[in-house]
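Heads up, the thing below is written out as structure tokens.
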Amino acid sequence: MTTARIRTAVFISGGGSNMAALIEAARAPEYPAEIVLVVSDEPGAGGLEKARTAGVEACVIDRRAYPDRAAFDAALTQAAEDAGCEIICLAGFMRLLTPGFVEHWQDRLLNIHPSLLPKFKGLNTHARALAAGEAEHGCTVHLVRAEMDTGPIIEQAKVPVLADDTPETLAARVLAEEHRIYPLALARVLFR
Ligand code: GRF
């Protein structure tokens with residue numbers, strides 16, 4: 001018996017390495033999601049070309065083209081729904097979404113954050129983890145709620161903080177784990 005794979009959009013703002021990990025995982029025919037759309041709010045995002053090279057439709061929805069956040073978010077929803085998407089993965093998408101958008105996609109909107117939430121919400125997580133003297137750091141995939149970097153946790157991965165770490169070396173160790181857990185987390189959400 002074959003079951004329909006869930007059409008999925010990935011929203012990015014930058015290089016899109018997490019997006020690429022999701023596209024790669026979804027190549028397996030038994031993976032429960034199919035990545036059919038990539039949306040970037042940044043026209044220059046490197047991930048756009050990566051997506052197209054992988055054969056995935058990619059478009060830009062530029063915040064500057066919309067009068068307010070609600071209109072921008074409505075365009076995001078429209079693009080995802082026009083592509084038949086039932087779930088959205090935020091992967092380095094650097095804009096805060098309106099509560100209306102989050103509610104519309106309730107439990108169908110995932111985010112990856114480079115810290116062990118609830119620690120270190122927001123930006124510069126690696127430098128902050130080092131400054132705090134953490135022995136462990138990591139990353140979290142969670143369902144999105146209106147308040148930034150909150151919501152039910154789906155998957156976390158820990159990495160050790162090493163004595164000679166810089167924010168860059170720590171970020172690289174965490175990013176490798178992000179690539180591993182985001183596909184696991186998306187599959188977990190779809191199987192439950
Ligand atoms: C990742 O560390 C993600 O967790 C963070 O931004 C980075 C995006 O990297 N929010 P990429 O665009 O997936 O390469």
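The values are calculated or read from the model by the stated rules, or taken from the named source; none is laboratory data. Remember, it's a predicted structure, so these values are computed and weren't measured experimentally. Cβ atoms come from the backbone with ideal geometry, glycine included; neighbour counts cover every protein chain shown.
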Scan the stretch 165-179 and give yes if some residue there is within 12 Å of the ligand (Cβ to nearest atom), closer than 30 Å to residue 66 by Cα, among the aliphatic types (A, V, I, L, M) and free of Cβ contacts under 8 Å to residues at least 60 places away in the same chain, otherwise no. no
A careful count of residues in the stretch 171-192 that are within 18 Å of residue 87 (Cα to Cα) and either at pLDDT 95 or above or in a helix (DSSP H, G or I) (or both) gives 11
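Among 159, 141, which is the only one that is surrounded by 21 or more Cβ atoms within 10 Å (Cβ to Cβ), assigned to a strand (DSSP E or B) and in contact with a helix residue (DSSP H, G or I) (Cβ under 9 Å, 6 or more places away or on another chain)?
Working: 159 fails: surrounded by 21 or more Cβ atoms within 10 Å (Cβ to Cβ).
When all the criteria are applied, what remains is 141.
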Determine which single condition residue 130 fails, assuming it passes every other condition in (1) under 22 Å from residue 42 (Cα atoms); (2) surrounded by fewer than 21 Cβ atoms within 10 Å (Cβ to Cβ). (1)
Only one residue in 33, 75 is more than 27 Å from residue 115 (Cα to Cα), among the aliphatic types (A, V, I, L, M) and more than 14 Å from the chain's Cα centre (by Cα), so which one is that? 75
Might you let me know whether the stretch 115-127 holds any residue that is within 15 Å of the chain's Cα centre (by Cα), surrounded by 17 or more Cβ atoms within 10 Å (Cβ to Cβ), away from the ligand (no atom under 14 Å from the Cβ) and in a loop (DSSP other than H, G, I, E, B)? no
How about the stretch 1-111: which helices (runs of 4 or more DSSP H) wholly inside it have at least 2 residues that are crowded, with 17+ Cβ neighbours inside 10 Å and within 16 Å of the ligand (Cβ to nearest atom)? 17-25, 46-53
Criterion violated by residue 138 - all others in (1) of a type outside the set (A, V, I, L, M); (2) within 12 Å of the ligand (Cβ to nearest atom); (3) under 22 Å from residue 23 (Cβ atoms); (4) over 14 Å from the mean Cα position of the chain (by Cα) satisfied: (3)
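Report yes if residue 59 is farther than 17 Å from residue 143 by Cβ, modelled with pLDDT of 95 or more and touching a Leu at 6+ places or on another chain (Cβ under 8 Å), otherwise no.
On the way: farther than 17 Å from residue 143 by Cβ: yes; modelled with pLDDT of 95 or more: yes; touching a Leu at 6+ places or on another chain (Cβ under 8 Å): yes.
Taking the combined requirement at face value, the residue satisfies it.
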